[in-house]
1. Lys and Arg at +1, Asp and Glu at -1: add these up for the other residues within a Cβ distance under 11 Å of HIS48 and post the number.
2. With contacts defined as alpha carbon pairs under 8 Å and 6 or more residues apart, what's the relative contact order of region 62-162 in percent?
Amino acid sequence: MPLTRRTRLVLTAGAGLLAAGAAVTVHALTGADADAGLEPAKASGAPHCRRITDTAPTSLGGLPRRDTSLAGVAVWGQQDIILRCGVTPPHLTPDPCFAVDGVDWIIDRAQSTGSRKVIVSYGRTPATQVVFDGRGHTDAALVDLSKLIAPIRQTSHCIPSR
């Protein structure tokens, strides 16, 4: 049975809408918006930063990693965990310091809130900032992140060694 001109137009328009919907779905599923609102750190092109982001786990704190086009940046979940390598290393500070598997970390109180924790590796250049904002399991994530940071030579400690 031959199609009328109107039927062909409706079918063509429907196919166009399906294609547009598929493009939006692919964009959402591939994480193309993982970069939204993020900027790479000043020294994000450092070789250690490339190694860190290239070997960062596909899952962190129970959240899947999302693709990003930014150098030195890794994102998990809906930006629930954001890693930025190449930030300015912190100096001695009254902010709380803790160690995880031999890596010293500072809690950046100026940038942290009740639901958002910002930590920065201490005594290693380039420094790495990690923002926990939401539902990621911080303790488990810090163990994995410390493994990524540990190969960078430590030049100072915020926690005295025993």
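1. Net charge in that neighbourhood comes out at +3.
2. Value for region 62-162: 27 percent.
Each reported figure results from applying straightforward, stated rules to the coordinates on display, with no laboratory input. Quick caveat, the model's predicted, so the values are computed rather than measured. FYI the Cβ positions are ideal-geometry reconstructions off the backbone, even for glycines, and counts take in every protein chain you see.
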